[in-house]
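Worksheet for the structure shown next.
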Amino acid sequence: MIDKQTENVATESQGSDTRERILVIKLSALGDLVLAMGPFAAIRAAHPDAHITVLTTKPYVDLMKASGFFDSIAIDRRPKLTQVREVLALRRFLKNGRFDRVYDLQTSDRTGFYFKLFWPGPKPEWSGIARGCSHPHTNPARDTLHTIDRVAEQLADAGIKEVPAPFLSGPDIDLERFGVRSPFVLICPGGAPHRPAKRWPAERFGLLAKKLADYRLTPVLIGTASEADVLNRIDQMCPKARNLMGRTGFLDIASLAARSVLAIGNDTGPMHIAAAAGAPSVVLFSRESDPKLSAPRGHGPNAVSIVRENDLRQLTVNRVMDVIRERLDLVD
């Protein structure tokens, strides 16, 4: 259940380490994890001298390392109840960690079960929604709050009153390594394959890229190999675009976003990274998701512009371009 090497890092100094021990749980998904960067910072500020471990899943280890908020990282393999050996390994990790407090920022049925694994025996202080925990978030309307506001309220109930906006910084990069010239606009045209209604059609992104190129802005496309059909279609429509398919990890996206004049894309994880990295952002929403609950949060009240259309097939390029012209003060 717990990555063995990482578990050793988390427990190797327990015998002589008398510091307060904190566990933070945040397993997924990418957008939610980026939104948790502010809460991570708040927890570290509230426990400056503590040894803090984060329990997460493998795709997000580099992000957790880069955040600088944690002393150690444990990888959760999310075992099924039928995987008895894995569940027992999880239980050993939780109990042997001798955690004084746990901040459950996942607040799922799964992590509620993790709270139960401390039985029999003493339980640490626990911030979350697990039944019987010491610091419960009891607001019956919690599921109507934006993710950041919900977690901030949860932390306030545990004594942490100040939660900053999410911030994510990537390493310094050489734009020439990616063949990118400034000024450029970062375009995130992909999204979860099982939720196609959250995607603006590739042809619209292609037309948008051509309009951006007319303003001497380089369209820079990011995405994974699973989004090749979308990225290649845009590339074909706009030869001036720079297609970085499969070449950008999460931290690369943050670095590129910080250097861009604007980031635009569907409601997907990379747009959360772009906003947290400080890029002025335009995010396209359909009826499939509610920006009041999950929109990216940037740095400042006008950092993120939301464009919403119930059916993204009805969203015109001109409407999106109007928002971009206003954001960048472009003149025809």
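Hey, among Asp17, Asp49, Asp32, Asp71, which residue is at pLDDT below 95 and either open to solvent by 30 Å² or more (accessible area, probe 1.4 Å) or at negative phi (or both)? Give the derivation first.
Working: Asp49 fails: at pLDDT below 95; Asp32 fails: at pLDDT below 95; Asp71 fails: at pLDDT below 95.
Only one candidate passes the filter, namely Asp17.
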- Query: How many residues does the stretch 102-116 hold that are in contact (Cβ under 8 Å) with a residue 24 or more places away in the chain and of a type in the set (A, V, I, L, M, F, W, C)?
  - Reply: 2
- Unique residue being of a type in the set (Phe, Trp, Tyr), open to solvent by 10 Å² or more (accessible area, probe 1.4 Å) and at pLDDT 95 or above when the list is Phe250, Phe205: Phe250
- Message: Can you go through Ile160, Ile173 and tell me which one is out of contact with any His (no Cβ under 7 Å at 6 or more places or on another chain), of a type in the set (Val, Ile, Thr), at pLDDT 95 or above and closer than 25 Å to Leu30 by Cβ?
- Response: Ile160
- Message: Being touching a Lys or Arg at 6+ places or on another chain (Cβ under 6 Å) and at positive phi narrows it down to one residue among Gly191, Gly223; which is it?
- Response: Gly191
- Item | Of the criteria (1) farther than 17 Å from Phe184 by Cβ; (2) open to solvent by 50 Å² or more (accessible area, probe 1.4 Å), which one Phe285 fails | (2)
- Message: Where the second residue is open to solvent by 30 Å² or more (accessible area, probe 1.4 Å) and not in a loop (DSSP other than H, G, I, E, B) and the first is modelled with pLDDT of 95 or more and lies in the stretch 299-310, which pairs have Cβ atoms under 6 Å and are six or more apart or on separate chains?
- Response: Ser305/Val323; Val307/Val323
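Free of Cβ contacts under 8 Å to residues at least 40 places away in the same chain, in contact with a Pro (Cβ under 9 Å, 6 or more places away or on another chain) and not β-branched (Val, Ile, Thr): is that true of Trp119 in this structure? It would help to see each step written out before you state the result.
Details: free of Cβ contacts under 8 Å to residues at least 40 places away in the same chain: yes; in contact with a Pro (Cβ under 9 Å, 6 or more places away or on another chain): no; not β-branched (Val, Ile, Thr): yes.
No.
Per-residue answers, yes or no, for (1) part of a loop (DSSP other than H, G, I, E, B); (2) free of Cβ contacts under 8 Å to residues at least 24 places away in the same chain:
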{"residue": "Trp126", "(1), (2)": "no, no"}
{"residue": "Ala152", "(1), (2)": "no, no"}
{"residue": "Ala156", "(1), (2)": "no, yes"}
{"residue": "Glu162", "(1), (2)": "yes, no"}
{"residue": "Leu168", "(1), (2)": "yes, no"}
{"residue": "Asp172", "(1), (2)": "yes, no"}
- Item | Residue tally, condition in contact with a helix residue (DSSP H, G or I) (Cβ under 8 Å, 6 or more places away or on another chain) and in a helix (DSSP H, G or I), over the stretch 83-103 | 4
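Just the residues that are among the hydroxyl-bearing types (Ser, Thr, Tyr) and touching a helix residue (DSSP H, G or I) at 6+ places or on another chain (Cβ under 7 Å), please, taken from the stretch 37-82.
As a first pass, look at the stretch 37-82 and keep what is among the hydroxyl-bearing types (Ser, Thr, Tyr): 53, 56-57, 60, 67, 72, 82.
Result: Thr53, Thr56, Tyr60, Ser67, Ser72.
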- Note on the structure: Exception for Tyr114 within (1) surrounded by fewer than 16 Cβ atoms within 10 Å (Cβ to Cβ); (2) outside any loop (DSSP other than H, G, I, E, B); (3) not small (Gly, Ala, Ser) falls at (1)
- Query: Out of curiosity, is Phe184 farther than 30 Å from Arg101 by Cα, modelled with pLDDT of 95 or more and of a type in the set (Phe, Trp, Tyr)?
  - Reply: yes
- Taking the stretch 317-332, which residues are open to solvent by 70 Å² or more (accessible area, probe 1.4 Å) and either over 27 Å from Ala276 (Cβ atoms) or in contact with a helix residue (DSSP H, G or I) (Cβ under 6 Å, 6 or more places away or on another chain) (or both)? Asn318, Val331, Asp332
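Which one is surrounded by the fewest Cβ atoms within 10 Å (Cβ to Cβ), of the residues in the stretch 218-234 that are in contact (Cβ under 8 Å) with a residue 24 or more places away in the chain and either over 18 Å from Ile253 (Cβ atoms) or not aliphatic (A, V, I, L, M) (or both)?
Filtering the stretch 218-234 for residues in contact (Cβ under 8 Å) with a residue 24 or more places away in the chain gives 218-224, 226-227, 229-231, 233-234.
Keeping just the survivors that are either over 18 Å from Ile253 (Cβ atoms) or not aliphatic (A, V, I, L, M) (or both) gives 218-219, 223-224, 226-227, 229, 233.
Working: Thr218: 21, Pro219: 25, Gly223: 24, Thr224: 14, Ser226: 12, Glu227: 21, Asp229: 9, Arg233: 16.
Among those that are in contact (Cβ under 8 Å) with a residue 24 or more places away in the chain and either over 18 Å from Ile253 (Cβ atoms) or not aliphatic (A, V, I, L, M) (or both), it is Asp229.
Of everything in the stretch 149-166, what is closer than 15 Å to Pro296 by Cα and crowded, with 19+ Cβ neighbours inside 10 Å? Give them in sequence order. Spell out how you get there, then give the answer.
Step one: of the stretch 149-166, the residues closer than 15 Å to Pro296 by Cα are 149-151, 164-166.
The answer is Arg150, Val151, Pro166.
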- Query: Can you name the condition, by its number, that Lys123 falls short on among (1) under 25 Å from the mean Cα position of the chain (by Cα); (2) within 21 Å of Leu81 (Cβ to Cβ)?
  - Reply: (1)
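The values are calculated or read from the model by the stated rules, or taken from the named source; none is laboratory data. Quick caveat, the model's predicted, so the values are computed rather than measured. Backbone-built Cβ (ideal geometry, glycine too); neighbour counts: all protein chains shown. All accessible areas refer to the heavy atoms of the entire protein, side chains included, with ligands and DNA or RNA removed. Shrake-Rupley method; radii C 1.70, N 1.55, O 1.52, S 1.80 Å.
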